[in-house]
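Note sheet for the following structure.
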Amino acid sequence: MKVVVAPNAFKECLSASAVGSSLARGVQSAAASMGRKAEVRVVPLADGGDGTMEIFAARDNATLVTVDGVQDPLHRRIKAQYVVLRGDGGGGGGGDGGGNGDGDENKSGDTAVIEMASASGLALLAVDEQDALKTTSFGFGQLIAHALRRGVRRFVLCIGGSATNDGGVGMAAALGYRFLDADGEAVDPVGGELVRVASVESCGAEMRTWLRESRIVVACDVDNPLLGARGATRVYGPQKGARTEQSLARLEAGLANVARLACSSLQPVHGVGGVPLSSLAAKAGAGAAGGMGFGLELFCVTECSR
């Protein structure tokens, strides 16, 4: 008897690989009790959330890159990882990826698989730390920037399992965008401070060039818009600690504020695949990962496919 076991992870409990191993043992045990032998193949699956990177890391052409000093959702310094899949034009990419990652290696044929949850995930926080007003996706942006500096221009960005509701502002800040208040001072890129943003400045020319050269695939399984009753805040905010009407209203107002300002400020600098920036908030998937779906298309100067 041949059996294929293809599970997803059990959220906040077991990885897809661990679930598959447990199911395989159960199938083999059941088969043995009936006097039969079962050949079980485990094929872990993922939907863009926690554990997606683990599946890619098991591939023969995968290298795990470790980055020190990445900010977690509460600005604490941690080590985070992403996977580089070596391509035909990419070279070896050996080592653990430590250091500043500013080498001039040509890795344009490689693909970086970056899991948002590894740097900006809800699983990194204790239950009493979960608060979308105070969390940032800055660490996720640091990982993207690290891969860009290595010369990687192909990305699979897995955005499930996030702890944030910042519309990708934290990620963008790590790429060099500036979000300023009415006095010209930098605003902390967390969900609760987005209402204070009065102006948005683009990242530097070099970063814009790297981003324009990149191809980005976003792995997510939701089609929510950025704002409204089906938007990021109202649907997913309570899962991330925003459980009062006051908190939800502040987060929603912040996302709307940044969307309006950023689309207006950045339109002269870049457009995205001919799509008006102002229409991005209504696109299916814009509300994924606390608005990261929107932020990736707006700030990464490229059209993201899903």
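The values are calculated or read from the model by the stated rules, or taken from the named source; none is laboratory data. Since the structure is predicted, the reported quantities are computational estimates derived from the model, not experimental observations. Note: ideal-geometry Cβ built from the backbone for every residue, glycine included; neighbour counts use all protein chains shown. For the accessible areas, the whole protein counts, side chains as well, though only heavy atoms, and no ligand, DNA or RNA atoms are used. Shrake-Rupley method; radii C 1.70, N 1.55, O 1.52, S 1.80 Å.
Applying the selection to segment 209-251, what residues are among the polar types (S, T, N, Q) and either open to solvent by less than 50 Å² (accessible area, probe 1.4 Å) or touching a helix residue (DSSP H, G or I) at 6+ places or on another chain (Cβ under 9 Å) (or both)?
Ser214, Asn224, Thr233, Gln239, Ser247 - these are the residues of segment 209-251 that are among the polar types (S, T, N, Q) and either open to solvent by less than 50 Å² (accessible area, probe 1.4 Å) or touching a helix residue (DSSP H, G or I) at 6+ places or on another chain (Cβ under 9 Å) (or both).
Being out of contact with any strand residue (DSSP E or B) (no Cβ under 7 Å at 6 or more places or on another chain) and hydroxyl-bearing (Ser, Thr, Tyr) is the filter here, so list the residues in segment 18-37 that pass it.
Ser22, Ser29, Ser33
Take the residues in segment 255-280 that are under 20 Å from the mean Cα position of the chain (by Cα) and at pLDDT 90 or above, then tell me which one is surrounded by the most Cβ atoms within 10 Å (Cβ to Cβ).
In this case the residue turns out to be Leu255.
Report the residue count in segment 136-192 for those that are part of a helix (DSSP H, G or I), more than 17 Å from Ala259 (Cα to Cα) and open to solvent by 10 Å² or more (accessible area, probe 1.4 Å).
Of the residues in that region, 4 qualify.
If I go through segment 153-206 residue by residue, how many of them are under 22 Å from Pro73 (Cβ atoms) and among the hydroxyl-bearing types (Ser, Thr, Tyr)?
So the answer is 3.
Picking from Ala30, Ala80, Ala119, Ala58, which residue would you name as being farther than 14 Å from Val156 by Cα, loosely packed, with under 15 Cβ neighbours inside 10 Å and modelled with pLDDT of 85 or more?
One residue alone meets the criteria, Ala30.
Looking for something modelled with pLDDT under 95, of a type outside the set (Phe, Trp, Tyr) and either on the phi < 0 side of the Ramachandran plot or out of contact with any Phe, Trp or Tyr (no Cβ under 8 Å at 6 or more places or on another chain) (or both) - is there at least one such residue anywhere in segment 161-180?
Within segment 161-180, one or more residues are modelled with pLDDT under 95, of a type outside the set (Phe, Trp, Tyr) and either on the phi < 0 side of the Ramachandran plot or out of contact with any Phe, Trp or Tyr (no Cβ under 8 Å at 6 or more places or on another chain) (or both).
Within segment 221-236, how many residues turn out to be under 17 Å from Ser247 (Cα atoms) and assigned to a loop (DSSP other than H, G, I, E, B)?
Qualifying residue count for the region: 6.
Of these, Gly176, Gly184, Gly170, Gly204, which one is free of Cβ contacts under 8 Å to residues at least 40 places away in the same chain and in contact with a helix residue (DSSP H, G or I) (Cβ under 6 Å, 6 or more places away or on another chain)?
Gly176
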